[in-house]
Amino acid sequence: MVILKFGKMREHPQKIEVLLREKSSIHGDNPQVKLFMKTNNEELAWLAGAWDSEGSISIFPFIEKYHYKGNGIKKETKSPFRKLIATLTIVNTEQSFIAEVIRILDKNGISMHLTERNGVKKTHSKCWNVNCRRMDMIKKFIELLSPYLISKKPQADLVLRFVNSRLKQY
């Protein structure tokens, strides 16, 4: 399993560039493929459609069993506590699909984690998982895509309310 972070293509540019290069080599020089999305609104609409079908926008409970001291040492807590975490996730086995998702997110200043996983069984394909738990990025993502979301719109509205309430506290 490979875990990458991307944000403005700086943290792991070689891995992201390989992913994007391989994506562009799949399409070759076909101008219809490269130019079908001309404006940022069209790209955001495409991304919203992709997230509607392949992604998730959710809040889940998490039990915190450890805490970190100032020196970065992990220590088990005496009384684990439960907290809620907002998350955005999209998973796909098509490398060109994930490369396009990454390109649009990066263009709009949204950074997420990219994880590459090999299939558990020999018959399973390698897949890529793009996810985010940073509340500021989740807020920006939902505010950008909300006008274009259809099936995930109720979840997005709920998560945005949750994120806004948490961001007010800090």
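Assorted remarks:
- Number of the exception - Thr77 against (1) open to solvent by less than 30 Å² (accessible area, probe 1.4 Å); (2) at pLDDT 90 or above: (2)
- In the stretch 117-170, residue farthest from Gln95 (Cα to Cα) [restricted to those that are among the charged types (D, E, K, R) and open to solvent by 90 Å² or more (accessible area, probe 1.4 Å)]: Lys168
- Taking residues in the stretch 86-111 that are open to solvent by 10 Å² or more (accessible area, probe 1.4 Å), and partners anywhere that are of a type in the set (A, V, I, L, M, F, W, C) and in a helix (DSSP H, G or I), the pairs with Cβ atoms closer than 7 Å and at least 6 places apart or on different chains are Asn92/Ile98; Gln95/Leu19; Ser96/Ile26; Arg103/Leu20; Asn108/Leu144; Ser111/Met137.
- Inside the stretch 102-148, residues that are farther than 19 Å from Leu160 by Cβ and among the charged types (D, E, K, R) make up a count of 8.
The values are calculated or read from the model by the stated rules, or taken from the named source; none is laboratory data. Model, not experiment: these values are computed from the prediction. A quick note on method: Cβ atoms are made from the backbone with ideal geometry, for glycine too, and the neighbour counts reach across all protein chains shown. Just the protein is used for accessible areas: all its heavy atoms, side chains included, with ligands, DNA and RNA removed. Shrake-Rupley method; radii C 1.70, N 1.55, O 1.52, S 1.80 Å.
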